[in-house]
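Right, one structure below, let's go through it.
The values are calculated or read from the model by the stated rules, or taken from the named source; none is laboratory data. None of the values given here were measured: they were computed from a predicted structure. As a convention, Cβ positions derive from the backbone with ideal geometry for all residues, glycine included, and neighbour counts pool all protein chains shown. What goes into the accessible areas is simple: the full protein's heavy atoms, side chains included, and nothing from ligands, DNA or RNA. Shrake-Rupley method; radii C 1.70, N 1.55, O 1.52, S 1.80 Å.
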Amino acid sequence: MEETLEAYAQLIRQGKVRAIGASNFTAERLAHALAVSRQPSWPRYESLQPRYNLHDRKDYETTLEPLCLQNGLGVIPYFSLAMGFLTGKYRCEADRSRSARGERVVKTFLNERGLRILGALDQVAGQHRSAPAAVALAWLMARPGITAPIVSATSLEQLNDVLAAAKLELDHSSIELLNEASAYSVAAGA
């Protein structure tokens with residue numbers, strides 16, 4: 001870690017880098033990096049890029065979120081729509097053929113919990129006259145410490161859903177419904 005931060009410090013002094021961010025760090029590794037960066041000439045990580053979305057919550061929320069909030073790190077989650085699952089595009093086994101990643105998405109997310117999340121997304125989307133993707137992103141943006149979710153769009157329709165999320169403010173009851181539907185079990189590790 002010391003060598004890495006020293007290299008970043010040199011790049012910053014040379015004007016090639018303004019700030020540094022970490023991706024896929026565990027809480028232990030991030031805490032260590034923040035402690036090491038307290039050396040006077042070394043920069044600290046200013047942001048974290050974790051895998052985090054309405055389905056993949058446990059790892060970030062249990063260990064990384066408190067650390068990021070405590071240290072004022074910006075959080076820029078990737079897979080914000082769980083590889084497209086949170087758009088509602090994948091709802092049954094037959095949807096495996098809908099994209100190149102369909103097999104993986106269906107295998108990973110299409111289960112009792114995933115269907116419960118889709119049901120809540122549909123309900124909230126209906127209440128807000130929005131798309132499930134916009135609701136999933138609005139939920140992320142409403143979380144404390146989230147700077148901006150990373151999301152991609154391959155069509156104009158998808159882009160419109162992404163843009164709509166920036167204007168969608170979810171009420172407390174909508175957020176609670178989504179939280180309950182996507183709750184993870186610490187004991188079960190899900």
(request) Check residue 94 against each of (1) in contact with an Asp or Glu (Cβ under 9 Å, 6 or more places away or on another chain); (2) without any contact (Cβ under 8 Å) to a residue 12 or more places away in the chain; (3) not polar (S, T, N, Q) and name the one condition it does not meet. (result) (1)
(request) Go through the residues of region 132-151 one by one and say whether even a single one is open to solvent by 30 Å² or more (accessible area, probe 1.4 Å), more than 21 Å from residue 60 (Cα to Cα) and assigned to a loop (DSSP other than H, G, I, E, B). (result) no
(request) Within region 70-91, identify whether any single residue is closer than 30 Å to residue 2 by Cα, modelled with pLDDT of 95 or more, open to solvent by 10 Å² or more (accessible area, probe 1.4 Å) and assigned to a helix (DSSP H, G or I), and answer yes or no. (result) yes
(message) I'd like to check something: does region 155-164 contain any residue that is modelled with pLDDT of 95 or more, of a type in the set (Gly, Ala, Ser) and farther than 24 Å from residue 50 by Cα?
(response) no
(message) Given the condition touching a helix residue (DSSP H, G or I) at 6+ places or on another chain (Cβ under 8 Å), modelled with pLDDT under 95, over 21 Å from residue 141 (Cβ atoms) and part of a loop (DSSP other than H, G, I, E, B), answer yes or no: does some residue in region 41-58 qualify?
(response) yes
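Taking region 8-40 only, how many residues are in a helix (DSSP H, G or I) and open to solvent by 50 Å² or more (accessible area, probe 1.4 Å)? Reasoning before the result, please.
Of the residues in region 8-40, the ones in a helix (DSSP H, G or I) are 8-13, 27-36.
Going one step further and asking which of them are open to solvent by 50 Å² or more (accessible area, probe 1.4 Å), we end up with 8, 10-13, 28-29, 32.
So the answer is 8.
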(request) State whether the residues of region 100-112 include one that is part of a helix (DSSP H, G or I), open to solvent by 50 Å² or more (accessible area, probe 1.4 Å) and touching a Ser or Thr at 6+ places or on another chain (Cβ under 9 Å). (result) yes
(request) Out of the residues in region 142-152 that are hydrophobic (A, V, I, L, M, F, W, C) and over 9 Å from the mean Cα position of the chain (by Cα), state the one that is modelled with the highest pLDDT. (result) 142
(message) It is to be established whether one or more residues within region 60-83 are closer than 26 Å to residue 177 by Cα, polar (S, T, N, Q) and touching a Pro at 6+ places or on another chain (Cβ under 8 Å).
(response) yes
(request) Look through region 169-185, keep the residues that are in a loop (DSSP other than H, G, I, E, B) and of a type in the set (A, V, I, L, M), and return whichever of them is surrounded by the most Cβ atoms within 10 Å (Cβ to Cβ). (result) 170
(message) Given the condition touching a residue at least 12 places away in the same chain (Cβ under 8 Å) and under 22 Å from residue 69 (Cα atoms), answer yes or no: does some residue in region 121-137 qualify?
(response) yes
